[in-house]
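Student: Got a structure here, written out as structure tokens. Questions coming.
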Amino acid sequence: MDVQMAVFHCADVFLKQLMVTKLSQCQFALPLLVPDPFTRQIEFPLWTFRQINKSWKIRNTNNESIRQTQPIYKTQTPMVFFFRFGSVSSSKSQLMNCLINEKHDTFFHRNCPGSSRTRVLMDGVVEITWFCPSGSDNDKFTDCVAFCNLHGDAGDHEKQLQILTEMSSVNVVLLPRLDRNAERIHNLFQNKKPLICVFTQDESAVMKTNKGKFKIGLKDRNQSDVSEELRRAINDCLSESSHTFRLEDVSKRSDIRVDEEVDDDCRRGRAAAQQMMSLLKKKHLTEIKESFLPHQGKLWHQWSQKNKELHRPRADEIEMEISRKQMEIKKIRQQQHESDI
């Protein structure tokens, strides 16, 4: 992950977009909030998400499967935010992987091959991924849900913690025990947002302490059981929460840097794209090609047909007919040249 983030910091906005698009295609988590290694200014790389679409299936009231495909930056979904206080014995990222996809590591974690507990560039980075249901009865969540993961101790990254807890639908915090973090947990508990506390030094099963408030123990417990309890608790919280998250809304925060607003190449590229889209919106879909690409319309079809006839002469075809077709081809080409693009 440090190698990935080193490349990310050294890349321009277009290479970053390519990297993030490829990570998405391979079902890996994507950088959402990235602290600058030198200034600690937090950047939101919105441009990198512009090419990503997500597809999922949901069931309506008649139990019919409905497929949805949307650009991910404008998709409204619930969002579950995972963070930790202090040093915990269990891997938060690994726990999230079990929730989303047990067969594939969506989030890189300390127990992956080639990994280690120490980090250089990952502390303070928030990653995001989306669970996209297939419409089957085995889906762990019935709708598309975003999952955010804050790397490092949340107590050291107050700004990221504040942004994500405000925008989330459900907050999930991992901590060894309550005593050292009682004040922080009390503030989260007072918040109306659903809260799930996962204690790594506690052996208790899931317990609902209040409406939308749960506690779960991890110590000496089967990870599959914990994942199932956590999934049920999250679904319970989501059913009671109407709050949704949209990626594009993160850019409205005044306390973070947005790549599209500060990078000159990005601004010019976006302005050119918006100008092109504004032209296309004025035309009906069936008229766009004929209006903007006249060389590829009727004249092109006529030219191609005449050219085909010219190179497939009939046995009884005389020289005069061949010459006539050549003249027609030249005439059509002249008309193409006169067409205004």
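The values are calculated or read from the model by the stated rules, or taken from the named source; none is laboratory data. Nothing here was measured: the structure is a model prediction, and the numbers come from that model. Glycine gets a Cβ as well: all are built from the backbone with ideal geometry, and neighbour counts include every protein chain shown. Remember, those area values only see protein heavy atoms, side chains included, never the ligands or the DNA or RNA. Shrake-Rupley method; radii C 1.70, N 1.55, O 1.52, S 1.80 Å.
Student: Kindly indicate which of N62, N53 is of a type in the set (S, T, N, Q), over 27 Å from R221 (Cα atoms), open to solvent by 70 Å² or more (accessible area, probe 1.4 Å) and within 21 Å of the chain's Cα centre (by Cα).
Tutor: N53
Student: If you check F83, F44, F28, which single one turns out to be open to solvent by 20 Å² or more (accessible area, probe 1.4 Å) and either in contact (Cβ under 8 Å) with a residue 12 or more places away in the chain or polar (S, T, N, Q) (or both)?
Tutor: F28
Student: Can you name every one of the helices (runs of 4 or more DSSP H) wholly within segment 184-295 that holds 2 or more residues which are under 30 Å from E338 (Cα atoms) and open to solvent by 70 Å² or more (accessible area, probe 1.4 Å)?
Tutor: By residue number, 264-281, 285-292.
Student: Looking at L15, L46, L30, which is the one that is more than 20 Å from T106 (Cβ to Cβ), of a type in the set (A, V, I, L, M) and under 16 Å from the mean Cα position of the chain (by Cα)?
Tutor: On inspection, the qualifying residue turns out to be L46.
Student: Check segment 112-130 and report whether any residue there is touching a helix residue (DSSP H, G or I) at 6+ places or on another chain (Cβ under 6 Å), surrounded by 22 or more Cβ atoms within 10 Å (Cβ to Cβ) and not in a loop (DSSP other than H, G, I, E, B).
Tutor: Checking segment 112-130: at least one residue is touching a helix residue (DSSP H, G or I) at 6+ places or on another chain (Cβ under 6 Å), surrounded by 22 or more Cβ atoms within 10 Å (Cβ to Cβ) and not in a loop (DSSP other than H, G, I, E, B).
Student: Before we move on, is S89 open to solvent by 40 Å² or more (accessible area, probe 1.4 Å) and in contact with a strand residue (DSSP E or B) (Cβ under 6 Å, 6 or more places away or on another chain)?
Tutor: no
Student: If you scan segment 309-337, which residues turn out to be open to solvent by less than 80 Å² (accessible area, probe 1.4 Å), of a type in the set (D, E) and in a helix (DSSP H, G or I)?
Tutor: Across segment 309-337, the qualifying residues are E309, E321, E328.
Student: Here's a check for you: in segment 1-25, which residue that is in a helix (DSSP H, G or I) and small (G, A, S) is surrounded by the most Cβ atoms within 10 Å (Cβ to Cβ)?
Tutor: S24
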